[in-house]
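Asker: The following block contains the structure, expressed as structure tokens.
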């Protein structure tokens, strides 16, 4: 079952393990490969599904649907295609946006959410101009070569940064439309209506999105909690996988209950 059909697009899904379902959603331009450390560890206790979003990794590359609404619809379509009963959605960066939007749209189909360094309201407050600039860049390789290293802490290996950059440059240029679409994103009012439990994890060294953003959203969500991941930047599931895996293993039973 390496592929599922979602809104006319063939999406790659890597499934591993047995137990309660966790659906893993990566950030813009990367792929399900960013979850390798979670698949290797948590599959002992959970049924893990790492999804390549449209335009990314091993999935199809359509010119349309590369926005928040389209990707959110894809998440719900994947849940239906796999026959999952209220899975926990684990989203990194913009993947956290898709998870939150899916739960707001269909709370009866989602068990819980883990948001990992989600942008929250930061695009509307500070990051929006940068996202518009990225979306409009004519030299995609140079743009991301400058930006991607800032996603990681100073201790991150060059190989990890190079792997992330390679995934993004291999993705469809159409996925960059997500940056422009999300430039004014601000869920603060609607997140008060979030019916499912949500754990906000955030790297303490994230240079793109301050951890206070996740901390604030955790306070606004009716069933929100917050946990800081020390020593990590914007991608703590890759830089500090042992800390993120421990947090997921601790929180997942509560989120899935």
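Asker: Could you tell me whether region 162-257 comes out rounded, prolate or oblate from its Cα gyration tensor? Rule is a ≥ b ≥ c as square roots of the eigenvalues, rounded for a/c under 1.5, then prolate if a/b exceeds b/c, otherwise oblate.
Answerer: Values: a/c = 1.82, a/b = 1.24, b/c = 1.47.
Here region 162-257 falls in the oblate category.
Asker: Which one, 117, 80, 206, has the greatest fluctuation when you compute a Gaussian network model over the chain with C-alpha springs under 10 angstrom?
Answerer: Looking only at 117, 80, 206, the largest GNM fluctuation is found for 80.
Asker: For a quick check: sort 212, 101 by the number of other beta carbons within 10 angstrom, fewest at the front.
Answerer: Details: 212 12, 101 21.
The fewest-first ordering by Cβ neighbours comes to 212, 101.
Asker: Based on the Cβ-Cβ distance of residue 44 and residue 223, what FRET efficiency does E = 1/(1 + (r/R0)^6) give at R0 = 22 Å, to the nearest 0.05? Don't skip to the answer; put the middle values down first.
Answerer: Values: r = 27 Å, r/R0 = 1.21.
Efficiency computed from Cβ-Cβ geometry: 0.25.
Asker: Sticking with this structure for a sec: When a footprinting reagent is the concern and you count Cβ atoms within 10 Å, what order do 214, 171, 126 take, fewest first?
Answerer: By the 10 Å Cβ count, ascending, the order reads 126, 171, 214.
Asker: Using the Cα gyration tensor of region 19-111, with a ≥ b ≥ c the square roots of its eigenvalues, what is the shape: rounded (a/c below 1.5), prolate (a/b larger than b/c) or oblate (neither)?
Answerer: Values: a/c = 1.78, a/b = 1.16, b/c = 1.54.
Verdict is oblate for region 19-111.
Asker: Next question. How high is the relative contact order of the chain, in percent, with contacts defined as C-alpha pairs under 8 Å that are six or more residues apart? Please list the in-between numbers first.
Answerer: Working: 572 pairs, mean separation 53.6, N = 257.
Relative contact order, the chain: 21 percent.
Asker: Expressed as a whole number of Å, what is the distance separating the alpha-carbon centroids of region 118-180 and region 223-242?
Answerer: 19
Asker: Let me ask something else. If you build a Gaussian network model of the chain, linking Cα atoms that sit under 10 Å apart, which residue out of 148, 97, 196 swings the most?
Answerer: Comparing 148, 97, 196 in a Gaussian network model of the chain, the most mobile one is 148.
Asker: Can you sort 161, 191 so the residue with the fewest Cβ neighbours within 10 Å comes first? Let's see the in-between values first.
Answerer: Values: 161 17, 191 22.
Ordered from fewest to most neighbouring Cβ atoms within 10 Å, 161, 191 come out as 161, 191.
Asker: Okay, moving on. Quick check on region 148-213: take the gyration tensor over C-alpha atoms, sort the square-rooted eigenvalues as a ≥ b ≥ c, and tell me if it's rounded (a/c under 1.5), prolate or oblate. Provide the component values of the computation, followed by the final result.
Answerer: Numbers: a/c = 2.45, a/b = 1.41, b/c = 1.73.
Oblate is the answer for region 148-213, as a/c is 1.5 or above yet b/c matches or exceeds a/b.
We did not get these values from a lab; they are worked out from the coordinates using the rules stated. Everything quoted here is computed from the prediction, not taken from an experiment. Using ideal geometry, Cβ is built from the backbone for each residue, glycine included, and neighbour counts are taken over all protein chains shown.
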